[in-house]
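The values are calculated or read from the model by the stated rules, or taken from the named source; none is laboratory data. All of these numbers come straight from a predicted model, not from anything done at the bench. Virtual Cβ from ideal backbone geometry, glycine too; neighbours counted across all protein chains shown. Heads up: the accessible areas ignore ligands, DNA and RNA and are worked out on the full protein's heavy atoms, side chains in. Shrake-Rupley method; radii C 1.70, N 1.55, O 1.52, S 1.80 Å.
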Amino acid sequence: MNADERRFAVLRAIVADYVSTQEPVGSKMIVERHNLGVSSATVRNDMAVLEEDGLIAQPHTSAGRVPTDKGYRMFVDRLAQVKPLSVAERRAVTAFLDGAVDLDDVMRRSVRLLAQLTRQVAVVQYPTLTRSTVRHCEVVSLTPARLMLVLITDSGRVDQRVVDLGQVLTDDDVARIRALLGASLNGRPLAAASVAVADLPASAPAELREVVTTIATVLIETLVEHPEERLVLGGTGNLTRNVADFPGSLRTVLEALEEQVVVLKLLAAAQDPGTVTVRIGEENEAEEMRDTSVLSIGYGSGTVLGGMGVVGPTRMDYPGGIAAVHAVARYVGEILAGR
């Protein structure tokens with residue numbers, strides 16, 4: 001090992017020990033726990049250089065050192081590879097997610113799983129409608145004057161709407177409406193589908209124009225994004241385990257997590273389904289989140305449907321967290337692609 005490699009090994013040891021013990025790390029502890037093949041004096045010299053470079057800091061109350069945001073960043077940037085989940089963990093993830101009955105259940109299970117695997121706060125964004133395509137629109141006759149519309153997207157989202165028509169339809173009328181909607185909607189991105197639906201009444205047969213206008217109005221409302229359904233959050237209690245990890249205010253962090261706009265911004269950088277984005281401390285745009293780290297990733301098979309990730313203190317298990325976020329996103333993408 002040259003001097004730079006050895007100093008990074010010392011930094012890596014400080015990160016590992018501080019994450020696991022929450023205690024500042026001294027040179028003696030590093031020599032005892034990590035087989036670096038050098039003396040305490042050498043480690044102390046290396047720690048002095050790391051501190052000068054702003055990678056570690058000395059809390060006032062201790063002779064030991066703790067990593068800084070800059071130190072965590074170097075540690076994360078130099079992770080050789082993502083630590084894979086164990087066979088048992090992968091099997092448990094697959095079994096748990098495969099048991100989901102619909103999209104809502106997939107989202108709830110995903111957030112619970114992420115929170116359990118990482119012991120942090122987990123966030124999962126619903127598949128964004130703007131990136132979805134209509135797979136099918138079914139029309140079901142409930143009574144001669146009442147229909148149910150079932151809109152299914154390629155992301156597995158299912159929206160049902162009941163429409164009171166104000167006039168009686170025959171089975172033949174229902175079949176014609178079903179064909180009209182199918183021709184306008186199936187296979188189209190949602191933005192294009194809403195435009196096509198708005199144009200439907202003009203091309204509908206005169207005797208069905210009023211009914212089609214009513215149906216079009218309901219469908220357009222369905223095709224518009226529902227902000228209140230955008231996110232699922234879980235595991236906020238995990239943050240309260242170590243209040244000392246938040247020198248600012250844990251309450252401020254919890255309040256920020258309740259703001260959907262803040263959380264959506266945290267996930268905004270996650271556009272690549274293959275790569276976990278890591279934002280550490282001061283790198284977070286929102287001031288309330290400067291005491292946290294955010295691991296985020298896009299999910300979807302081929303097309304990014306949404307984002308997911310975890311939020312926790314800067315003192316977190318980055319290799320384990322990155323592996324868990326990466327694995328759950330991949331499984332969720334596969335599940336939604338197969339629905």
- Query: Applying the selection to region 155-174, what residues are in contact (Cβ under 8 Å) with a residue 60 or more places away in the chain and open to solvent by less than 70 Å² (accessible area, probe 1.4 Å)?
  - Reply: S155, G156, D159
- Query: Among the residues of region 106-127, is there at least one that is open to solvent by less than 10 Å² (accessible area, probe 1.4 Å) and in contact with an Asp or Glu (Cβ under 7 Å, 6 or more places away or on another chain)?
  - Reply: no
- Any residue at all in region 187-203 that is part of a helix (DSSP H, G or I), aliphatic (A, V, I, L, M), over 34 Å from the mean Cα position of the chain (by Cα) and not assigned by the TED database to the domain that holds G306? yes
- Task: List every residue pair whose Cβ atoms sit under 7 Å apart, with the two residues 6 or more apart in sequence or on different chains, where the first one lies in region 104-129 and is in contact (Cβ under 8 Å) with a residue 40 or more places away in the chain and the second, anywhere, is open to solvent by 10 Å² or more (accessible area, probe 1.4 Å) and among the acidic types (D, E).
- Result: Y126/E229; L129/E225
- Tell me, which strands (runs of 3 or more DSSP E) lie completely within region 204-315 with 1 or more residues that are surrounded by fewer than 17 Cβ atoms within 10 Å (Cβ to Cβ)? 231-234
- Look through G54, G71 and report the one residue that is closer than 20 Å to M316 by Cα, in a loop (DSSP other than H, G, I, E, B) and at pLDDT 95 or above. G54
- Query: When you go through V263, V243 one by one, which is the residue that is at pLDDT 80 or above and in contact with a strand residue (DSSP E or B) (Cβ under 8 Å, 6 or more places away or on another chain)?
  - Reply: V263
- Item | Selection count where residues are of a type outside the set (A, V, I, L, M, F, W, C) and open to solvent by less than 50 Å² (accessible area, probe 1.4 Å), scope region 35-68 | 10
